[in-house]
Amino acid sequence: MQTSIVTNLREDKAKRNSFFQLANKVFDLSLDAWYAGGFWTDRYLPYALVLGDRVVANVSVNRMETNWKGMRKTYLQIGTVMTDPDFRGRGFARSLIEKVLGDWNEKCDGIYLYANDTVLDFYPKFGFEKETEYSFSRPIDVAHDRMKGIAALGGNEACEAQSAKCPAFGPFRRLSMDASADRRILARCYRRGNPFSELPMLHNEGLLFFYCTGFLKEHVYYSAEYDAVAVMEQQGRTLFVHDFFGGQDFPLEVLLHQLLMPGMNRIELGFTPLHTSDFSCAPIENDETLFVLKGKENPFHDAQVRMPSLSHA
């Protein structure tokens, strides 16, 4: 039986289910609930190599919009690169990547991807080069941060009283991602964007809800007082803030100091802050390597930035 490349998986039940099975088999990745929740949008486009109704290999296109240096940009992130173990060694992934690059090279400002250590020699064959992302963090002095946040609001007694009464994550309450009303709050704040980010993720609710209804579903918080959502988790003694959405009327310091808990000694951002003077900057070291296609726009080449952690496909 002959193979063919299809891009309409979302509308084809048999091939869609086969795609989900392959993602689970290769990456232990479950996409069924994400699809059932209506979060698969047109910004996520798999290029699947199929044999009958069986998906045997795939390379997905993720259209990412952001603002960079005051200009709207469209970047293409390649992800979900996988081949069924029964069909490896036949050049299927190569054919799919060549097809994606041929279709999209002239339709976007830049193309990038993240690769694990087993395929670092694969992507340079297509013109990709390694780049470095940077993390932004700083130590926590709870008293100093709390007073700095109060000062940013004008230092009045009302602000100090508000700060003193806030339990745990201050005025932020956990959103239930199983509740439609709370999902609407997240979507509404997301559409307002992250006013503190140099390189924000825009117009990609599908990817946002992949994270926030998946492994981060217990880490989404909302403050009615600030009309802001924070996606964050405590990692040891570090508070990792993946992203903020909303909160345009307040400085970043105000929101950060409301999130502090006893025992924390460090805060790290999952995005690039507009103002970096209060943060230490260091190369990100993990099991993923960033590759950017040569000859296209490359925001990482001459700047210390990171793509939002919630934008990794």
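The values are calculated or read from the model by the stated rules, or taken from the named source; none is laboratory data. What you see is a predicted model, and the numbers here were worked out from it, not measured in a lab. For neighbour counting, all protein chains shown are included, and Cβ atoms are generated from backbone atoms with ideal geometry for every residue, glycine included. Surface accessibility is based on the protein's heavy atoms, side chains included, excluding ligands, DNA and RNA. Shrake-Rupley method; radii C 1.70, N 1.55, O 1.52, S 1.80 Å.
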With r as the distance between the Cβ atoms of Arg94 and Lys296 and R0 = 25 Å, compute the FRET efficiency 1/(1 + (r/R0)^6) and round to 0.05. 0.80
Please list, by residue number, every one of the trypsin sites (Lys or Arg not before Pro) in the range 54-117 that is coil in DSSP and has at most 15 other beta-carbon atoms within 10 Å. Lys69, Arg88, Arg90, Lys107
Mean Cβ-within-10 Å packing, highest first, puts peptides 210-217, 270-277 in the order 210-217, 270-277
Within the accessible area of the range 1-135, what % is carbon and sulfur when the probe is 1.4 Å and the other protein chains stay in place? 45
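With r as the distance between the Cβ atoms of Glu233 and Ala282 and R0 = 22 Å, compute the FRET efficiency 1/(1 + (r/R0)^6) and round to 0.05.
0.65
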With +1 on each Lys and Arg Cβ and -1 on each Asp and Glu Cβ, how big is the dipole of the range 37-101 about its Cα centre, in debye rounded to the nearest 20? 340
Where does the chain land at 222 nm, in deg cm²/dmol rounded to the nearest 500, when only DSSP H runs of n ≥ 4 count, each adding -39500 (n - 2.57), divided by all residues? -7500 deg cm²/dmol
Ignoring ligands, DNA and RNA, what percent of the 1.4 Å accessible area of the range 189-277 is carbon and sulfur? 51
Per residue, how many Å² of accessible area does the range 1-148 show with a 1.4 Å probe? 50
Percent relative contact order for the range 220-313, counting Cα pairs under 8 Å at least six residues apart, stands at 25
Pairs beyond 22 Å (Cα-Cα), from Lys73/Lys294; Lys15/Lys294; Lys15/Lys125; Lys125/Lys294; Lys25/Lys296; Lys13/Lys217: Lys15/Lys294; Lys15/Lys125; Lys25/Lys296; Lys13/Lys217
Calculate how steeply helix 142-152 sits against the longest principal axis of the alpha-carbon atoms of the chain, using the helix alpha-carbon long axis, and give the answer as 0 to 90 degrees to the nearest 10. 80
